[in-house]
Amino acid sequence: MAQGVGTAQACRVVGVNRRTGHRWRYGRVSQAGREAASPARPSPSGRFLSVEDRILIADLRREGRSLRSIAAELGRDPSTVSREVRRNAHPRTGDYRPHAAQAQADARRPRPKISRLAANPKLRQAVQDGLDRRWSPEQIVRRLRQDFPDRPGMHVTHETIYQALYVQGRGELRRELTRALRTGRAVRRPHRQPGQRQSRFTTPMVMISDRPAEAADRAVPGHWEGDLIIGKDNASAIGTLVERATRYVLLVHLGRNRTAEAVRDALLATVATLPTHLKRSLTWDQGAEMALHHQFSTATGMPVYFCDPHSPWQRGSNENTNGLLRQYFPKGTDLAVHTPEHLAAVAVELNGRPRKTLGWDTPAERLAKLLTNTS
């Protein structure tokens, strides 16, 4: 080849297959139809374009050849050539300069790269602020895209946040922020199905199958789902109410008393703070704490509907909310130590979280829009 012999002829002279000769020359498999008069520098891998490939791309572009035609000449996929021209052409003129393109490709290749969180202090601070507020990585990501739609530098994927938190040696985020994640775990684990709920309600009740269709499709606000989260040794409890349309949360202080009378009185006091058009129905599981549901319905005008046995998905919004609340009220702890004021503060924080199901609005924002439109 140094004497000007083409690749195919040189292979015949040496007595090797043409594919082998191309691999010796370029460091990869054959590129049909190519010959050159000078030795070429091999590329780091057959996956990457060499400087000779880029020179040929520039020459054929000057001849007016299409990208698909150039790709056929190189023996490459058309998308490879299209991506190469798009990424490495001059940003202002659009001219493709092969040696400048090679320099850009070489500059991008070294590993490891600095992550986006490490390179952008403002983005890193925004992510840390979201974790401090107990937002999940996905909530942070979606909210950043909503708050900074025209600033791609403030966009990041949730996987990047998880990698920064969990992968050893990254250090872009404070390791102690893993404790702000909902699970509190230092390693990632697959999702598990929630356990079946216990206890069946035995007193007369109206089943969820008789609930109005407007409650099932969340079209009309004012339909609530309720439940209790139980503390250590079943000695304390907190009542939870979730509005189905807005996912707005109300917490009911019960302390160490979760008898039917105590639950009835606490629910009456909580529901009394709602406007009339937000008091349409309440859905509960078959727990004995709702034994006085008829008295509650008579006092509030809100019918109570009961789920089928062992069917927590029929109160999906409330089950999901109870999982979120366990970040504030861990299992195996005494829930009676939390004052009504603390419960109100937790509800405010939870209602201020952006939710995927609400298009990344917060429940408080949705409720405010609802009340404004109604007024």
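Please compute the modelled spin-label separation between residue 216 and residue 9, points set 7 Å along Cα→Cβ, answer in nm with one decimal.
Each label point is offset 7 Å from its Cα along the Cβ direction, giving 8.2 nm.
From the phi angles alone, apply the Karplus equation (6.51, -1.76, 1.60; θ = phi - 60°) to the stretch 300-311 and give each ³J(HN,Hα) in whole Hz, x where the residue is Gly or Pro.
Once rounded to whole Hz, the list reads 10, x, 9, x, 10, 10, 10, 6, 5, x, 6, 10.
Would you pull out the residues with amide H under 5 Å of residue 227's amide H, same chain only if 5 or more places away, H placed 1.01 Å from N?
So residue 227 has HN proximity to 240.
What FRET efficiency do you get for residue 59 and residue 371 if R0 is 56 Å and r is their Cβ-Cβ distance, rounded to the nearest 0.05?
0.25
Aspartates and glutamates near residue 232 by alpha-carbon distance under 15 Å, same-chain residues fewer than 8 away left out - which ones?
Residue 232 reaches 334.
Can you tell me how much longer the chain between residue 24 and residue 107 gets when fully stretched, taken as 0.36 nm per residue apart minus their C-alpha distance, in nm with one decimal? Please list the in-between numbers first.
Numbers: separation 83, 0.36 × 83 = 29.88 nm, distance 2.51 nm.
Going from the current span to full extension adds 27.4 nm.
Arranged by the count of other C-beta atoms within 10 angstrom, fewest first, what order do 162, 248 take?
162, 248
Return one quarter of the surface area of the convex hull spanned by the alpha-carbon atoms of the stretch 217-262, equal to its mean projected area, in nm².
On the way: hull surface 14.9 nm².
Averaging across all directions leaves 3.7 nm² for the Cα convex hull.
Using only Cα atoms, locate the centre of the stretch 101-165 and the centre of the stretch 355-375, then give the distance between them in Å, rounded to an integer.
28 Å
Using each residue's phi in the stretch 221-234, evaluate 6.51 cos²θ - 1.76 cosθ + 1.60 at θ = phi - 60° and report the 3J(HN,Hα) Karplus result to the nearest Hz, with x for Gly and Pro.
x, x, 9, 10, 10, x, 6, 10, 9, 9, x, 4, 6, 6
Tell me, in nm to one decimal, what length is gained between residue 93 and residue 122 on full extension, where the rule is 0.36 nm per residue of separation less the Cα-Cα distance? If you can, show how the numbers build up before the last one.
Details: separation 29, 0.36 × 29 = 10.44 nm, distance 3.18 nm.
Length gained, residue 93 through residue 122: 7.3 nm.
Any lysines with Cα under 23 Å of the residue 122 Cα? List them, leaving off those in the same chain fewer than 8 positions away.
Qualifying lysines at Cα under 23 Å: 113.
Residue by residue, what Karplus-based ³J(HN,Hα) values in Hz, rounded to whole numbers, does the stretch 337-353 have, using 6.51, -1.76 and 1.60 with θ = phi - 60° and x for Gly and Pro?
Result, rounded to whole Hz: 6, 8, 7, x, 5, 5, 4, 5, 5, 5, 4, 4, 5, 5, 6, x, 7.
For residue 272 and residue 129 in one chain, what is 0.36 nm times their gap in residues minus the Cα-Cα distance, to one decimal in nm? Mind showing how you got there, number by number?
Values: separation 143, 0.36 × 143 = 51.48 nm, distance 3.50 nm.
Contour length minus Cα-Cα distance gives 48.0 nm.
What translational D, rounded to a whole number of µm²/s, comes out for the stretch 254-372 from Stokes-Einstein when the hydrodynamic radius is the Kirkwood one over Cα pairs, at 20 °C and 1.002 mPa s? List each step's numbers first, then the result.
Working: Rh = 16.1 Å.
The estimated diffusion coefficient comes to 133 µm²/s.
None of the figures in this text is laboratory data; all of them are computed from the coordinates on show. If you're wondering where the values come from, they're calculated on a predicted model, not measured in any experiment. Methodologically, a virtual Cβ is constructed for each residue, glycine included, from the backbone with ideal geometry; neighbour enumeration extends over all protein chains shown.
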